Structure formats: structure tokens, C-alpha cells
Amino acid sequence: MQKNQRQIEIVDYKITNTKKAFSLVEMLAVFGIMSLIGVSVFMVLSQSGSTQSSLTDKLALQMEARRAADVFTTYVSQCSEIVRPSLGETTDYLVARTFTNQILLFRTDEDKKHSTDKFKVKKLIMYKHDHADPWAAKNHHEIMGWVDEIKFTSVSPSSVILNITQKNQDGKFQFVTSAGLLNAGELE
Amino acid sequence: MSKSIIGGKGFTLVELVIAFFILMSIGAAFLIALRAGTQESTFLKEQFSAALLSRKVVEDVFAEVEINPWAADGIDFSKARMVDGESHFFSNLEDTKPPFFTIDTGEGNITSDCQPIYSLIEDFQISLKTDLSDPQIRTAKIALDWKSKNSKGRHETEFHYHNTTQQKEIDFPFTIEAGDLEKYICGFLYATQSQPIENILNNPTIGGHKNTIESLGQAGFMTSRFFSSDIYTDTVQEIELLEQEKQGLMSAVSLPGKELDACLKKLVEKRYNLAKISFQVFVFITPYLETIMQNNNQASLGIHFTNPVLLKVLLQNVTRLGDFFTLALWQTIVDLQTYFTPGFSKQISIKKLADNSLRIISLGRLLSFNSIYSKMGKDGKADYLKILNQVETSFKGRFAAMERLVAQEKDFQQNVSAAMAKNPSLANVYEYLKPGGKFSVILKFIKDNYPL
């Protein structure tokens, strides 16, 4: 019985205590803790977002490189002769001749779309000249953007080495490959 | 009492644990997503690089095999690093320093200065395995292995190319009408019109075995057919005119490259064509000549053994055929060597110079072991070595595959039997041309037994 009375007493006390407001110290403490948690969560979210964005950019750069490498090798495979670079030479442009005697010129130009004042990149462009027209927009093709450096080396009359470094705000990606000319035997 | 009760107003341990667990779960989910993204990015980057590097090896093998049919035999390798010049497929990739227009040994390799590609492929190892079991189609497999962050990275490529070293039948350039041979035998060997051979041979004053006389007829008929054919007479006349034109162009103060190239192209084509046909005729009549050699007696040859005037004329035509083939071959090489003339080689495309270099190597190879050329007082091996040195000088530091071909040809000159074992097609030709070969034995027989 005495025990029951004590329990009732405690209940009463609790009821009385719930009516008390939060003190300023408590409020500040809670606010501080909540702020710390909030900032941490924000930083994690923000970091993960930017990392995800960076990853997406890197993947986009690689996809661009993969597509451009395919386009480049397709163009070169239509050619019968590499005019420049000469055999044993490395240049930042490529001049090739097709079987139909068209001249393909691969060179870089400023990539204004992706460049900023502090961040400069180039784009690889190809111009097909058929001797009929000095310049025609239809013969002008953009192959890839985000180019930092590009080198063509001729180490065989039937193929050319392509060494491309791409870059975006998150870093660089470089690849080396070869593109072979169409082998048409004696046909010239 | 009241102090402890105020303290009880904070979060309970269970609440804290749950809250911590929730935060940890959210954080872990983000980390896993980030990690997966990073891994995917790395995986794609490595796979893409491996695909492009494999493509380079494929192109290089195609380029190598195109100029050197033996190249595929010795290119297998296992787990070679691709950086620091450890694999020739990834060496000398660029002309980086003077003298320009040549890539010196050790120049243009992927070294630690070449970033970011060096770091990316530093651990890559490449293997190449060729399957030579199919005589027509070769299969090559490229495998790239590298240490990836979570597992081993691997990229495999398989490709095919034609084998041009397999044995080929030597074609015969003419068709023979029924009755032509008999008409020739009766007319040329016995000065009579269309009489059956058996009747002629049954005459005891003439005699001879039908098989031997027919062999004699085949050899004589085909040889005279070649020298009297339109293709021979017309082409020889055209060659004479072209030779005059060539001499005129060569004596010009500044070489007219385009005209000279056009003239040489025709000359090479015509001379080579005649050399090829004369060789094919010689190969065709070889078994018939061997029959005559085996039956060089009164019983088999009859009147032609006792009075060999016509036999001498016929067999000397065979000697002339061998000489003609060898001279046409040599002159074709001389014409092709014109392309290396200073002042002219600069006027033609490097592709044309490379194509002509391959032609000159193919023909020079035949000259190097041609016993007829040696009988003319020439040194085929020495001349071929000069040709190889000329080609080597023209492409040094510029065309590694050509340099490797030249080095291989020099090795083959040291060990011809090894070269023939690798190339059944060439071995077939070698059996006729080599010292002590079929042509050599026949021509010696003619010289010893039926000199003019």
C-alpha cells in the first residue's frame, strides 16, 4: 500500500514536470546539435552530389572518346594515303587522301562550347575537300570536344597512330590507338 | 531526486541507437552508391582503354602481315608490359625530338612522363597468341590483363587474316588446241604434214619412243609457242619503246616525276609479266625435259640422237627461255630501283615507295637463289643484300615493320632452308631455281650434251 502511494506520488510529479518549458540552455544545445547534424548531412549530400556529377562527367568524357575514336577510324579507313604526317613524323593535324581523291583534313580548333576564361579545351574537326568547292559547311564535321592535346604519328604507309588527351574540370583522360587505311591492293 | 528526473528527459539509449542507425544507413547508402559509381567509371575507363589498345595491336598485326607474310609466325608473346618500350607494339609511337621525320630507338615510348596514360596502363599486360593450324585463315587472340581495384581486369579480342604463304600451284599461261602438238612434232621434228606419230616412229630409219618424242615435242612446242606468241613479240617491242622513253626522262635536268613514274609503272608491269610467263612455261616443260634426260639414248630419241641438229635448236630454246626469265626478272628489279634515285624518291608517295620496296624484295629474293643468274657471272645474294640495305636506309626510323622485314630477309639469307620451311609457296619456286635445282640440272644437261 505504501508502495502504491509512492507510485502515485511520482506520477503526480511527472505530470507537474511536463508543464515546464524548455530552458534557453536546452534550446541552444538542441539547436547546436541539430545544426551539426544538419551541416554534416548537407556536406555528405553535397559531396556525394558533386562526386556523382564528377563521375557522370568522366563517363561522358569516355563515351565521347569512344564515339570519336570510332568516327575517326571510320574516316581513316576510307583513305588510301596519309599525306601528313609524313612517315616517321608526328603532327597535331592529319591530311589524308581518299580513293576518290578527296582530301580529309583533321585539325583542332577552340572548343568554345566547353571552354571558359580559365579552362581552355579544343575540339577535333574534320574537313573534307573535294576540290569542287573551296569551303562547304556540309563538308565540315566536328568529331570530338574536350581535347587537351592531340598527336598523329605515321609509322606505316597503311596506318596512323592517334594519341589523344581529353580533359574536363575533373581531370584528364588519354588514349592511344591505331587507325588503318583501306587496303585496296594495286588500286590507286 | 528531482535532478535525476530532469536528466531522464533526454534521448533514451534506444532512441539514440535508432537515430544513429538511421543516419548510418543513409550515409552507407550514399557511400555504396558513390563507390559503385567510381568502380563503374574505373571499369569503363579501363575497358575502353583496353579496347583501344587492342585495336592498335590488331591494326599493327594487319599492317605487318600485309608486308610480311611470315610475320605472324613469330609474334606470339605472353604478358608483356605496354609501357617503357617493353612491347614493340607500344614503342616508338611518336617523333618527339630531333632529328625529326625519324623515330630513333627508344624514342616515343610510353614512359612515366606520359600522363595520365602511363598511370592508367602501367599494370596492363598484353598477350598475343596466333593459331596457325588452318592453312588459309589465321586466327589471333589478344588478351589484356590488369589489376583492377576489386578484381582482375581482362579484355579479349579475336581477329582473322589470310595466310599468303601456303603452297600454290604454278599456273600455265597458254591453252593447247587438240592436234596442235602432233602437228608441231610432225612438222618441226620430222618435216612432214599431219602424219600419225606412230607411223613416223615405226620407220626403222627414224625410230624413237612415242613418250620421249612427245616430251620433246611438248618442250619444243611450248618454248617456240612462247617466243612466237603475240604477248612476247608485242611486249618486247613495247618495252623497247618504254626503255627509250625512260632513258630520255632520266637524262632530263630535273626528273619529271609524274611522267617517269608512269613510264616505270608500265615497264615494270610488262617486264614482270614476261618474266612470270617465261617461268611458268619453263615449269610446265620441266617434267618433259626430265623425261628426255632420263631417255637420252638412241632407242628413245631415234634419229634425233644420232643427228641432233633439231634437238639442239629445240633445247637451246629452253636455255634461252631460262636466260630470258632471269634477265626479265633482273631488269624489273633495275626499273624498281629507279624509284630510290635521289630526287625521284621524294616526288612519289611514300606508299608507292613502300609498295615498290615490297616488290623489289619479292623479286630480289628470287634472284638471290637463282642459279641461272649465278651462271651469268652475277652474285644474286650480294645483289639482294644491296637491295635490302637500300630499302633499310630508305625506311630507317620511319617504318618499323619494313625494318623488321629487312632484318628477317637478312636472317633468311643465312638460313635459306628455315625460310623455305616457313613459306611453302616460295619453297615450290625454290625447288626450280636453287643451285642444283630442277632448272639447274636441265640446263647443265643441255650444256653438257647438246651445246650449239
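Values for this structure:
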item: Percentage relative contact order, segment A:57-182, counting C-alpha pairs under 8 Å, at least six apart; result: 27
item: 10 Å Cβ neighbours from other chains, averaged over peptide B:49-57; result: 5
item: Ranked B:Tyr430, A:Tyr127, criterion: other C-beta atoms within 10 Å, fewest first; result: A:Tyr127, B:Tyr430
item: Neighbour-count ranking [beta-carbon atoms within 10 angstrom, fewest first] of B:Glu198, A:Glu89, B:Glu59, B:Glu158; result: B:Glu198, B:Glu158, A:Glu89, B:Glu59
item: Number of partner chain Cβ atoms within 10 Å, mean per residue of B:350-360; result: 3
item: Mean-position separation - Cα centroids, segment B:347-393 and segment B:268-310, in angstrom; result: 28
item: Given charges at beta-carbon only (K, R positive; D, E negative), |dipole| of segment A:57-182 in Debye; result: 140
item: Estimated 222 nm signal from helices in chain B, with DSSP H stretches of n ≥ 4 weighted -39500 (n - 2.57), rounded to 500; result: -20000 deg cm²/dmol
item: Reciprocal of mean inverse Cα separation for the protein assembly as shown (Kirkwood radius, Å); result: 31.4
item: Karplus-derived HN-Hα couplings along segment B:185-192 (A = 6.51, B = -1.76, C = 1.60, θ = phi - 60°), whole Hz, x at Gly and Pro; result: 4, 5, x, 7, 7, 10, 6, 9
item: Nonlocal amide H pairs with B:Gly208, under 5 Å, H built at 1.01 Å; result: B:Gly302
item: Mean Cβ count within 10 Å, highest first, over the residues of peptides A:148-155, B:409-416, A:39-46; result: A:148-155, B:409-416, A:39-46
item: Dipole magnitude of the protein assembly as shown, debye to nearest 20 (Cβ charges: Lys/Arg +1, Asp/Glu -1, about Cα centre); result: 2040
item: Three-way shape label, chain B, alpha-carbon gyration tensor, a/c 1.5; result: prolate
item: Rg(Cα) / (2.2 N^0.38 Å) computed for segment A:57-182, rounded to two decimals; result: 1.05
item: Distance between modelled label sites at A:Val71 and B:Lys396, nm, 7 Å Cα→Cβ extension; result: 4.2
item: Separation of the B:Glu269 and B:Asn199 label points, Cα + 7 Å toward Cβ, nm; result: 4.9
item: Calculated FRET efficiency for the pair B:Lys410/B:Ala252, C-beta based, R₀ 35 Å, to 0.05; result: 0.50
item: Among A:Thr165, A:Phe72, A:Asn101 - extreme Cα towards positive end, dipole of segment A:57-182, charges at beta-carbon; result: A:Thr165
item: By average C-beta atoms within 10 angstrom, highest first, the peptides A:162-171, B:418-427; result: A:162-171, B:418-427
item: Selection from A:Ala29, B:Cys114, B:Leu310, by position along the positive dipole direction of the protein assembly as shown (Cβ); result: A:Ala29
item: Sorted by Cβ neighbour density within 10 Å, fewest at the top, the residues B:Arg271, B:Arg398, B:Arg154, A:Arg97; result: B:Arg154, A:Arg97, B:Arg398, B:Arg271
item: FRET efficiency estimate (nearest 0.05) - Cβ-Cβ, A:Ala21 to B:Leu31, R0 41 angstrom; result: 0.50
item: Nearest-0.05 FRET efficiency for B:Ser229 and B:Thr341, computed from C-beta distance (R0 25 Å); result: 0.15
item: Projected label distance in nm at B:Ala178 and B:Phe77, using a 7 Å step from Cα toward the beta-carbon; result: 6.2
item: Relative contact order for chain B, counting Cα pairs under 8 Å that sit 6 or more residues apart, in percent; result: 13
item: Cα-based shape type of segment A:108-188, given that a ≥ b ≥ c are square roots of the gyration tensor eigenvalues and the cut on a/c is 1.5; result: oblate
item: Computed P(r) (all Cα pairs; segment B:1-112; 10 Å bins; percent); result: 11, 21, 20, 11, 9, 9, 8, 6, 4, 1
item: Dipole of chain B, positive direction: furthest Cα of B:Asn389, B:Val236, B:Ile26, with charges on the beta-carbon; result: B:Ile26
item: Sequence-separation-based contact order of segment B:61-154, relative, with Cα cut under 8 Å and 6+ spacing, percent; result: 24
item: Under the span-like rule (Cα at least 30 Å along the axis, Kyte-Doolittle mean at least 1.0), DSSP H helices of chain B; result: B:13-67
item: Partner chain coverage, peptide B:118-127 - average Cβ within 10 angstrom; result: 1
item: Estimated dipole of chain B in Debye, rounded to 20 [Cβ of Lys and Arg +1, of Asp and Glu -1, Cα centre]; result: 700
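FYI, it's all coordinate maths here, none of it is from the lab. What you see is a predicted model; the values in this text were computed from it and never measured. Neighbour counts are summed over all protein chains in view; Cβ atoms, including those assigned to glycine, are modelled from backbone coordinates with ideal geometry.
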